[in-house]
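Working notes, structure below.
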Amino acid sequence: MPLFVFPDDPSWNEEADAVEFAVEVGEYHGRVFVPRRALQSLAGHLPKPDEALQYVCLNRPVFDKAVEARIMDRKLDPDANVHLTARDVRRVAP
């Protein structure tokens, strides 16, 4: 059984202006947010919501790995969720 579980597909969160998906580690259930501004740095332009969602879906293994690294380093945000930055993603990208 894998240590990290990502039970749902990413979706657009209008209020957060971010792509959002779930992460589970044992008893911990949190949300991952990838702000559109972070994706701007990665994609080279400010993506529209549908483009942002597509970018995360097409690169999902890298985003999952970035989440795993943040949790392993115990770098959760004050709300116990993970708000990824472009730096987090670049750190684990091949």
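The values are calculated or read from the model by the stated rules, or taken from the named source; none is laboratory data. Here the structure is a predicted model, which means the values were calculated and not measured. Virtual Cβ from ideal backbone geometry, glycine too; neighbours counted across all protein chains shown. Just the protein is used for accessible areas: all its heavy atoms, side chains included, with ligands, DNA and RNA removed. Shrake-Rupley method; radii C 1.70, N 1.55, O 1.52, S 1.80 Å.
Structural remarks
- As a calculated quantity, the FRET efficiency between His45 and Ala16 at R0 = 25 Å, using C-beta atoms, amounts to about 0.80.
- Surface composition of the chain: carbon and sulfur make up 52 percent of the accessible area, probe 1.4 Å.
- Neighbourhood charge, 12 Å Cβ-Cβ cut-off, centred on Leu3 and excluding it, Lys, Arg +1 and Asp, Glu -1: -3
- Arg90 exposes around 120 Å² of accessible area when a 1.4 Å probe is run over every protein chain in place.
- Distant alpha-carbon pairs in the chain (separation over 19 angstrom), percent: 33 percent
- Kirkwood hydrodynamic radius (C-alpha pairs) into Stokes-Einstein, segment 48-94, 10 °C and 1.306 mPa s, D in µm²/s: 141 µm²/s
- Cα-based helix-to-principal-axis angle, 60-72 vs the chain, degrees rounded to 10: 50 degrees
- Each of Asp73 and Arg37 was given a label point 7 Å from its Cα along the Cα-to-Cβ line. The distance between the two points is 1.9 nm.
- Hydrodynamic radius (Kirkwood) for segment 1-49, which is based on Cα pairs only, to one decimal in Å: 11.8 Å
- Between Ala80 and Gln54, the contour length at 0.36 nm per residue exceeds the alpha carbon distance by 6.8 nm.
- Taking Cα atoms only, the orientation of helix 49-58 departs from the longest principal axis of the chain by about 50 degrees.
- Where the chain is the region considered: accessible area per residue in Å², 1.4 Å probe: 61 Å²
- The mean sequence distance of close C-alpha pairs (under 8 Å, at least 6 residues apart), as a share of the length of the chain, puts its relative contact order at 26 percent.
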